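> What follows is a single structure, and I will ask about it in a moment.
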Amino acid sequence: MRLLLPFLFCFILLPFKILAQIFPKENDTLNYIVIGFQFPEVKKEKNYTIEIASGHFKDEASFKKNIIKTEVWTKNRGILHVPSFSKQYTWRVIPYSRVLSTARIHLNHFSTGYIYNPDTAVIRFNITHKADKFKDAYLMLDGNRTMYDMEGHLIWYLPDLGGIIKTKSQVRDIKISPRGTISFLVDGRAFETDYNGRILWEGPNGRKKTGDTLEGYHHELTILRNGHIMALGSDPFNKNVTKLQDSNKTKSIIDSSDRRPRRFKQPDMGILVEYDETGKLIWEWKAAKYFKNINLDFYNKFNGLPEFDLHENSFYFDEKNKAIYVSFRNISQILKISYPSGEVIAAYGRLEYATDSMEKHLFCGQHSCHLSENGYLYLYDNGCGIGHVPKVVVIKLPSSAMGPLEKIWEYPLPVEPAKADERPSITSVELNKRFLFTAGGNVTELPDQSFFISANVPFNKVLIVSKEQQILWSADMEKWHPDKKSWEPYSQYRISIIPDREHLENLIWKSIEN
């Protein structure tokens, strides 16, 4: 009897082992239509025939009548694209030696999930220049939490993570990581998930928890090559109120004759944090420590209102040279910080300025700062003031901290300048006529040194531009307006790019292996 026990044990466990090797799992609901299929390997088989039918079928006769896709593979896994969301599918694998057999082949089943606006009936990419070189790239959109191919087909959506993501939740900075996962921010919380939406990591200081040392994360989350996670957060310990009397040296933008004492909230300043994979805090940098000696009178001059936010909106960690670049949109400045000391070793752009001096500077209201492969700083320049068109700017940094910046390349986006009433105001209706920012926008250098650009609120243009300024691909993001019966601009905050099919496949297989 003892000799039989191991054989019985293996006999019982074998079906479970085989089932565990099959993906999609039986009756899975998938949040994508580009699917990784995996099944047990059969020794000495030359190839496998994979058949997929539209619908849920139990008998072979019905299955055969509804086959929509057939492929032959030499390996026991591969990637297939099914047509639609909100559909049921049946599939099977026939090993080479069984093709002529009359034996019944096991049928497997899965479905694709429901997503609002799953096709191009309501939301679409209107392709204005078809891709050639980058036709196998993919785009991840934070506004409607989806992934598209370069022909404008929706192929993936971010699930609700068990109710964490609500209908009105705000998702930001969704992108793939160096380790084949997806990172993003939602409602002040930070997450890393796989392709299937399974949570792999959550930031320890989301705003929904109690006893936070942060008041949530914002704008950017990046997984570093060593596996650590770095994110921008809000610093709650810098929110004290200061009484400020206007000085005679400064003039309020709104009312220069008003000399009454007013109470001004200390400018909100952020914090940059680094965690290891367990959520342990490894490093932090607080903007308040650097800006603590700034005269609050400046903020009154700049803003003319009781509150002002320095607004860190992007960072880039140059891991090789141990330096971090942090972008402050509202003061049009980028700081270079030595890592891990936290010392500010350079400041690029202006700190104190007025509307009449904007044109003297290389960028204004910038988003999305990065370093290029050849060491240049590049960013998405929103521009400030009425009639400004966003552009991508590439800057050669000075050899010394006090040296001048040199603009070596720029690309004004092919969009019409927005009117004053079409742009969001950074402060108030009064300032809207004089001092304007567009919102969002980002740029990413691609392997061939071309640029992927997403020009967002109030614009909806997405494009790839070569370093010779030739458009390699472009599209307009649009949403159907039922009352107007027309397509209207539908801007996202930021859009990230998956540069090729290899990166997508790595994302898919990592999700199955985890």
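The values are calculated or read from the model by the stated rules, or taken from the named source; none is laboratory data. Being a predicted model, the structure only gives us computed values, none of them experimental. So basically every Cβ, Gly included, is an ideal-geometry build from the backbone, and we count neighbours across all protein chains shown.
> I'd like the residue in segment 171-196 that is modelled with pLDDT of 95 or more, in a strand (DSSP E or B) and among the β-branched types (Val, Ile, Thr) and, out of all such residues, is surrounded by the most Cβ atoms within 10 Å (Cβ to Cβ).
Only one residue fits best here, namely 174.
> Report yes if some residue within segment 139-146 is polar (S, T, N, Q), surrounded by fewer than 21 Cβ atoms within 10 Å (Cβ to Cβ) and out of contact with any helix residue (DSSP H, G or I) (no Cβ under 7 Å at 6 or more places or on another chain); otherwise report no. Quick ask: steps written out before the conclusion?
First, pick out the residues of segment 139-146 that are polar (S, T, N, Q): 144, 146.
Still in the list and also surrounded by fewer than 21 Cβ atoms within 10 Å (Cβ to Cβ): 144.
Still in the running and out of contact with any helix residue (DSSP H, G or I) (no Cβ under 7 Å at 6 or more places or on another chain): 144.
Scanning segment 139-146, I find at least one residue that is polar (S, T, N, Q), surrounded by fewer than 21 Cβ atoms within 10 Å (Cβ to Cβ) and out of contact with any helix residue (DSSP H, G or I) (no Cβ under 7 Å at 6 or more places or on another chain), so the answer is yes.
> Also, quick follow-up: Would you confirm whether any residue within segment 115-131 is on the phi > 0 side of the Ramachandran plot and modelled with pLDDT under 95? Reasoning before the result, please.
The initial filter retains those residues of segment 115-131 that are on the phi > 0 side of the Ramachandran plot, namely 117.
Next, from what is left, pick out any that are modelled with pLDDT under 95: 117.
Yes, the conditions are met somewhere in segment 115-131.
> Residues of segment 149-185 being without any contact (Cβ under 8 Å) to a residue 24 or more places away in the chain and under 23 Å from residue 230 (Cα atoms), which ones?
Scanning segment 149-185 gives 165, 169, 170.
> Report every pair of residues separated by at least 6 positions or lying on different chains whose Cβ atoms are under 9 Å apart, first residue within segment 455-471 and within 15 Å of residue 129 (Cβ to Cβ) and in contact (Cβ under 8 Å) with a residue 60 or more places away in the chain, second part of a loop (DSSP other than H, G, I, E, B) and of a type in the set (Phe, Trp, Tyr).
464/134
> Another question about this same structure. Which one of 65, 75 is exposed (fewer than 12 other Cβ atoms within 10 Å of the Cβ) and either at pLDDT 95 or above or hydrophobic (A, V, I, L, M, F, W, C) (or both)?
Values: 75 fails: either at pLDDT 95 or above or hydrophobic (A, V, I, L, M, F, W, C) (or both).
When all the criteria are applied, what remains is 65.
> Kindly indicate which of 41, 71, 26 is under 27 Å from residue 155 (Cβ atoms), free of Cβ contacts under 8 Å to residues at least 40 places away in the same chain and of a type in the set (Asp, Glu).
Details: 41 fails: under 27 Å from residue 155 (Cβ atoms); 26 fails: free of Cβ contacts under 8 Å to residues at least 40 places away in the same chain.
The match here is 71.
> If I ask for residues that are part of a loop (DSSP other than H, G, I, E, B) and more than 22 Å from residue 112 (Cβ to Cβ), which ones from segment 29-51 would you list?
Step one: list which residues in segment 29-51 are part of a loop (DSSP other than H, G, I, E, B), which gives 31, 33, 39-47.
Within segment 29-51, 40, 41, 42, 43, 44, 45, 46, 47 qualify.
> Tell me, yes or no, whether segment 486-502 has at least one residue that is assigned to a helix (DSSP H, G or I), of a type outside the set (A, V, I, L, M, F, W, C) and either modelled with pLDDT of 90 or more or in contact with an Asp or Glu (Cβ under 7 Å, 6 or more places away or on another chain) (or both).
yes
> Same structure again: Just the residues that are under 15 Å from residue 137 (Cβ atoms) and of a type in the set (S, T, N, Q), please, taken from segment 450-474. Don't jump to the end; show me each part of the working.
Residues of segment 450-474 under 15 Å from residue 137 (Cβ atoms): 450-454, 462-466, 471-474.
Answer for segment 450-474, where residues must be under 15 Å from residue 137 (Cβ atoms) and of a type in the set (S, T, N, Q): 450, 454, 466, 474.
> Then there's this: State all residues of segment 321-337 that are over 16 Å from residue 364 (Cβ atoms) and among the small types (Gly, Ala, Ser); if no residue qualifies, say none.
Once the filter is applied, which keeps residues that are over 16 Å from residue 364 (Cβ atoms) and among the small types (Gly, Ala, Ser), segment 321-337 yields only 323.
> All but one of (1) at pLDDT 95 or above; (2) in a strand (DSSP E or B); (3) surrounded by fewer than 20 Cβ atoms within 10 Å (Cβ to Cβ) hold for residue 479, so report the exception by its number.
If we test residue 479 against (1) at pLDDT 95 or above; (2) in a strand (DSSP E or B); (3) surrounded by fewer than 20 Cβ atoms within 10 Å (Cβ to Cβ), just (1) comes out false.
> Quick check on my filter: what residues within segment 453-497 are of a type in the set (Phe, Trp, Tyr) and within 19 Å of the chain's Cα centre (by Cα)?
459, 490, 493
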